[in-house]
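A short worksheet on the structure shown next.
The values are calculated or read from the model by the stated rules, or taken from the named source; none is laboratory data. Everything numeric here is computed off the predicted structure, so don't read it as measured data. Please note: Cβ atoms are built from the backbone with ideal geometry, for glycine as well, and neighbour counts cover all protein chains shown.
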Amino acid sequence: MQRYVCIVCGYIYDPEIGDPDVGIEPGTPFEELPDDWVCPECGAAKDLFEKEA
Amino acid sequence: MAVRELKPGVYSVGAIDWHRRLFDELIPLPHGTSYNSYLIKGSEKTVLVDTVDPSREHELLSNLQKAGVNRIDYIVANHAEQDHSGTIPGILRVYPDVMVLTNQKCSGMLVDHLGINEEKVLTITDRSTISLGDRTLEFIFAPWVHWPETMFTYSREDKILFSCDFLGSHFASSSLFANNEAKVYEGAKRYYAEIMMPFRKSINRHLEIIKGLDVEMIAPSHGPVYEETETILSMCREWVSDSVNNKVVIIYVSMHGSTEKMVSRLIETLIERGISVRPFNLTGADMGELAISLIDPATIVIASPTVLAGAHPEVAYAVSLVNALRPKLKFGAIIGSYGWAGKMVEQITAMMSSLKLDMFEPVLAKGHPGETDLQAIDHLADEILQKHRDAGLIK
């Protein structure tokens, strides 16, 4: 599954891990994250993420 | 230095730093700057919106004294950076009853950066309000309009948006309002280019939020206040838009004239093809000017001699800045000369990881560029022209 990188701080969202701290189950694709999900490292919104090359 | 009135009961009480010439030890300030702090005297509560750089603490305190302020109920911290929050400790010392109003994220930063006692901070939530009696202040979170904790404060009855760094300019002026407009807007553009450009998607979102407010005046934390808001807002919309122009910015250094000769040929051939060119000789260049030139060109050309096995350090420095600013460039090329061999192209390419450019074939000349090398430059200009045409940038 496609990983996404936060352009602000470099955090990588890995869909295989999800973001369990805020209830995002492993296996959740980036596209299915809720609109108000933010980078766990720096708080950047979803539109500040880019597909990992 | 002086207390000035924006609207009845709303005052500018900050400091003008006429002679500061460098910010963050990086960014030249040709027009100095100001650290704006605003005092709002409500019928029941008195509020200070942001403070000043700690080096100017005495000015803020003296202005408050001149304004006859005996009591401040709240300081609103829109942003934790020291040029706005650095005098909060000084205010707390002189006005011990004051409470700091800010968001959770900023609260932590105020503790970390300024050692403010957490018990002096009241945290507020996005779009929450406080009443000053005859006035209502609304807090609008604006994360990554520069920093993760940045926010705006909106005075509903005054219709003033206190936008902190957003829409600000490094511009020292004795005038409270933006009346020397060409210079002020140039300063605002420079300010956007230097610190806001990486966050243009976030800014776009917040421009939409501002559209939903009835704003008559924008009072940023650097530079003059905008009495007329549409001009600066529409300029900002243009800066953050996805559109690029039929322009090439060329950054270069030349040691013995070889790279310079290639750059000169490229400038000439691009102009002949109807493409705007902005060359920057990096020796002694103003990095703010470079940042401005990156706002809307489609293409960047990086031109460097090879020093030992890599790029000239001035070029490496500029490329690292370009990479950090994340301009909306689409195409890129590396050209230059070398004495024997080296890894200049690989090195520069690796430094541009965040730019996602469609790269042209590099043009490298061994020693002084000969006719074949210059023809390769002409070919590069043709390719740039073709890409700009394909992208619909040339009619």
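Okay, residues lined up against (1) of a type outside the set (Ser, Thr, Tyr); (2) part of a helix (DSSP H, G or I); (3) on the phi < 0 side of the Ramachandran plot:
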position	(1), (2), (3)
B:Arg278	yes, no, yes
B:Ile302	yes, no, yes
B:Val315	yes, yes, yes
B:Gly336	yes, no, no
B:Leu355	yes, no, yes
B:Ile377	yes, yes, yes
B:Ala381	yes, yes, yes
B:Gly392	yes, no, no
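Output the residues belonging to region B:239-271 that are touching a residue at least 40 places away in the same chain (Cβ under 8 Å) and of a type in the set (D, E, K, R). Write out each step before concluding.
Taking region B:239-271 and keeping what is touching a residue at least 40 places away in the same chain (Cβ under 8 Å), we get B:239-240, B:242-259, B:261-263, B:265-266, B:269-270.
Those that are touching a residue at least 40 places away in the same chain (Cβ under 8 Å) and of a type in the set (D, E, K, R): B:Asp242, B:Lys247, B:Lys261, B:Arg265.
Table: residues versus (1) away from chain A (no Cβ under 14 Å); (2) in contact (Cβ under 8 Å) with a residue 60 or more places away in the chain; (3) in contact with a helix residue (DSSP H, G or I) (Cβ under 7 Å, 6 or more places away or on another chain); (4) over 27 Å from B:Trp144 (Cβ atoms).
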site	(1), (2), (3), (4)
B:Ser304	yes, no, yes, yes
B:Ala311	yes, no, yes, yes
B:Ile334	yes, no, yes, yes
B:Ile348	yes, no, yes, yes
B:Leu357	no, no, no, no
B:Pro362	yes, no, yes, yes
B:Glu383	yes, no, no, yes
B:Lys387	yes, yes, no, yes
B:Leu393	yes, yes, no, yes
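Does at least one position in region A:27-41 carry a residue that is within 14 Å of chain B (Cβ to nearest Cβ) and more than 17 Å from B:Arg205 (Cα to Cα)?
Within region A:27-41 (the criterion being within 14 Å of chain B (Cβ to nearest Cβ) and more than 17 Å from B:Arg205 (Cα to Cα)), the answer is yes, since at least one residue qualifies.
Go through B:Ser276, B:Ser293 for me and flag whichever is in contact (Cβ under 8 Å) with a residue 12 or more places away in the chain and closer than 14 Å to B:Ala193 by Cα.
Just a single option satisfies the conditions, and that option is B:Ser293.
Report, by residue number, each residue of region B:345-358 that is modelled with pLDDT of 95 or more and either loosely packed, with under 14 Cβ neighbours inside 10 Å or not hydrophobic (A, V, I, L, M, F, W, C) (or both).
Answer for region B:345-358, where residues must be modelled with pLDDT of 95 or more and either loosely packed, with under 14 Cβ neighbours inside 10 Å or not hydrophobic (A, V, I, L, M, F, W, C) (or both): B:Glu346, B:Gln347, B:Thr349, B:Ala350, B:Asp358.
Given the criterion within 14 Å of chain A (Cβ to nearest Cβ) and surrounded by fewer than 23 Cβ atoms within 10 Å (Cβ to Cβ), identify the matching residue among B:Arg135, B:Arg156, B:Arg205.
Values: B:Arg135 fails: within 14 Å of chain A (Cβ to nearest Cβ); B:Arg156 fails: within 14 Å of chain A (Cβ to nearest Cβ).
Result: B:Arg205 is the single residue among B:Arg135, B:Arg156, B:Arg205 that is within 14 Å of chain A (Cβ to nearest Cβ) and surrounded by fewer than 23 Cβ atoms within 10 Å (Cβ to Cβ).
What are the pairs, 6+ residues apart or on separate chains, where a residue within region B:91-115 that is within 14 Å of another protein chain (Cβ to nearest Cβ) has its Cβ under 6 Å from a residue that is surrounded by fewer than 18 Cβ atoms within 10 Å (Cβ to Cβ) and modelled with pLDDT of 95 or more?
Between residues of region B:91-115 that are within 14 Å of another protein chain (Cβ to nearest Cβ) and residues that are surrounded by fewer than 18 Cβ atoms within 10 Å (Cβ to Cβ) and modelled with pLDDT of 95 or more, the close pairs are B:Gln104/B:Thr123; B:Ser107/B:Thr123.
Please verify whether B:Val249 is under 18 Å from B:Asn323 (Cα atoms), within 14 Å of chain A (Cβ to nearest Cβ), touching a Lys or Arg at 6+ places or on another chain (Cβ under 7 Å) and modelled with pLDDT of 95 or more, treating the condition exactly as stated. Walk me through it before giving the result.
Numbers: under 18 Å from B:Asn323 (Cα atoms): yes; within 14 Å of chain A (Cβ to nearest Cβ): no; touching a Lys or Arg at 6+ places or on another chain (Cβ under 7 Å): yes; modelled with pLDDT of 95 or more: yes.
Here the answer is no, as B:Val249 does not meet what is asked.
Can you pull out every residue in chain A that is aromatic (Phe, Trp, Tyr) and over 16 Å from B:Pro143 (Cβ atoms)?
Matches in chain A: A:Tyr4, A:Tyr13, A:Phe30.
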